[in-house]
Amino acid sequence: MTSNTRGALWMLGAVVSFCAMAIAARELLKYMGTFEILFFRTGIAFLVVLALASREGWQRLKTGMFGTHLWRNLFHFGGQAAWVWSLGLLPLATVFAIEFTTPVWAAGLAVLFLGERLGARRLVMLALGVLGALVILRPGFAVLQPAALVMLAGAWAFAVQMIGTKRLSAVDSPLCVLFWMSIIQSPFSLALAL
């Protein structure tokens, strides 16, 4: 299997996983609050990360960038909270359309904070992405409803955490990033769930 095929399969698996997570979160919102759902999501992720760390080695969890992990995860937690809360109030297509603006925000933030450049091709692709989201959203007064604005803030928070992930992935392993995500987000979600 080529690396491109493997990458495409991983992406397909991620899309299926995110769709299943959205449907599950929407159903759980009938019985639980946003922060309870986030606590269980983070807790299950923590158990998975511990199992992987025991197999791959605990030394892979060390980091010299705790501050970056902290701010990255505060934004990620905020984005997740906005996403889950919005799932209960907006059609799934609207939530995903707003979430698909994340790469646009991330590209702008990458220019500001990572020194990346936006060439003509990337600008056209970003513009098409925004136009696609607008087609799905059909702008009007409905877009200005509070849940849509909360989801827009969540998309921006996800973009900020992407910048943090890019910085961290240059020095820390993916397992390390996931470990610190679980460790940092678990107390927040537990406190808010209680």
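Remarks
- Structure-derived mean projected area of the Cα convex hull in nm²: which label, when the choices are [x] 10.1; [y] 10.7; [z] 12.7: [z]
- Under Karplus coefficients 6.51, -1.76 and 1.60, residue-wise ³J(HN,Hα) of the range 30-41 in Hz, glycine/proline x: 6, 10, 9, x, 4, 6, 5, 4, 5, 4, 5, 4
- Amide H contacts under 5 Å for Glu116, placed H, 5+ residues apart: Val111
- Cleavage-rule hits (trypsin sites (Lys or Arg not before Pro)) in the range 87-194: DSSP loop, at most 15 neighbouring Cβ within 10 angstrom: Arg117
Bear in mind that the values in this text are calculations on the coordinates, not laboratory data. The structure displayed is predicted, hence computed values, not measured ones. Glycine gets a Cβ as well: all are built from the backbone with ideal geometry, and neighbour counts include every protein chain shown.
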